[in-house]
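The values are calculated or read from the model by the stated rules, or taken from the named source; none is laboratory data. This one's a predicted model, so the numbers in the text were calculated from it and none came from an experiment. Counting neighbours? That spans all protein chains shown, and the Cβs are built from the backbone with ideal geometry, glycine included.
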Amino acid sequence: MSPEERTSLQRYARLAGFLYLFILAAYDLGDYLLVSPAIVPGDFATTAHNIQANETLYRLGLAGEFVASWLTILLAAGLYAITKPVNANLALAAFAFRIVEAAIGGMCAVISFVALRVYAATGGAFDAHASAALVQLLSRAYSTCFTVTVIFFSLGSVIFFVLLYRSRFIPRLLSGFGVLASVLVTALGFVNLVVPKLAPMLAPGWMPILAAEIATGLWLLVRGVNTSSWEARA
């Protein structure tokens, strides 16, 4: 590996590390601080009132989720550039899974903004009961859309972490944990599709992938990738 290739690899690594952290922050802050507090499960009227009272902030939260979706494309590109030397075909497959994730995630954002329009129109053009029924339908559509997005995310994540494990670009303990956490998310996604009632009980299963992505993002951003082991094998 030439000095130019090593320099390029480090740049992509730090880009991927930054995006790992930024995407998590954009999505989670938008969801947990601006979107979720306004939602009162089973109470359409109160939810509509909360959203109408803070519609700009609610839109900002949804925008953060949307930004996180399309920035996934840049993250996938960075991870592809890092892992391509290990196995170009597998890296391309992982990249494709993450691109599909971003596309479906964009559709989820569209559903959320449509639901917002229904909430905002309550008391005007829409009958309250009809609005509540429509929002319930949109909520179910979003839930399914999100679960499918998660499955594509996890499949791409599994492959990327496997390639990082094989390359030793990051500590194997970290990449191995990432593989296991990603496989767990894949299982959770399919369980949520087949038995959605179990979703609340399985919520703690999301914590490992959150920890793996934060740790990997920090490592790539601060330390970059260690190419010495890979070059020695080559």
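Evaluation of residue 216 against the conditions (1) buried (at least 17 other Cβ atoms within 10 Å of the Cβ); (2) not basic (Lys, Arg); (3) not in a helix (DSSP H, G or I) shows that the sole unmet condition is (3).
Selection within region 36-54: residues that are polar (S, T, N, Q) and exposed (fewer than 14 other Cβ atoms within 10 Å of the Cβ). The member of this set that is farthest from residue 139 (Cα to Cα) is 46. In the condition set (1) surrounded by fewer than 16 Cβ atoms within 10 Å (Cβ to Cβ); (2) over 30 Å from residue 48 (Cβ atoms); (3) modelled with pLDDT under 95, residue 89 is compliant with all but (3). One residue alone among 173, 198, 163 is surrounded by fewer than 15 Cβ atoms within 10 Å (Cβ to Cβ), modelled with pLDDT of 90 or more and in a helix (DSSP H, G or I), and that residue is 173. Here residue 118 fulfils each of the conditions (1) under 15 Å from residue 161 (Cβ atoms); (2) of a type in the set (A, V, I, L, M, F, W, C); (3) touching a strand residue (DSSP E or B) at 6+ places or on another chain (Cβ under 9 Å) apart from (1). Determine, yes or no, whether residue 143 is farther than 20 Å from residue 84 by Cβ, under 13 Å from the mean Cα position of the chain (by Cα) and either modelled with pLDDT under 90 or among the hydroxyl-bearing types (Ser, Thr, Tyr) (or both). Answer is no for this residue.
What number of residues in region 46-67 are in contact (Cβ under 8 Å) with a residue 40 or more places away in the chain and touching a Leu at 6+ places or on another chain (Cβ under 8 Å)? Count: 5. Is it the case that region 223-232 has a residue that's under 28 Å from residue 106 (Cβ atoms) and surrounded by 13 or more Cβ atoms within 10 Å (Cβ to Cβ)? No: zero hits.
Quick one: would you say residue 150 is within 17 Å of residue 26 (Cα to Cα) and buried (at least 18 other Cβ atoms within 10 Å of the Cβ)? The answer is yes for residue 150. Among the residues of region 12-64, those identified as closer than 30 Å to residue 220 by Cα, hydroxyl-bearing (Ser, Thr, Tyr) and touching a helix residue (DSSP H, G or I) at 6+ places or on another chain (Cβ under 7 Å) are 12, 20, 27.
Would you mind stating whether residue 4 is of a type outside the set (Gly, Ala, Ser) and either surrounded by fewer than 19 Cβ atoms within 10 Å (Cβ to Cβ) or at pLDDT below 90 (or both)? Here the answer is yes, as residue 4 does meet what is asked.
Among the residues that make up region 175-195, is at least one of them touching a Cys at 6+ places or on another chain (Cβ under 9 Å) and in contact (Cβ under 8 Å) with a residue 40 or more places away in the chain? No, that holds for no residue. Does region 55-75 contain any residue that is more than 22 Å from residue 106 (Cβ to Cβ) and of a type outside the set (A, V, I, L, M, F, W, C)? No; the residues of region 55-75 include none that is more than 22 Å from residue 106 (Cβ to Cβ) and of a type outside the set (A, V, I, L, M, F, W, C).
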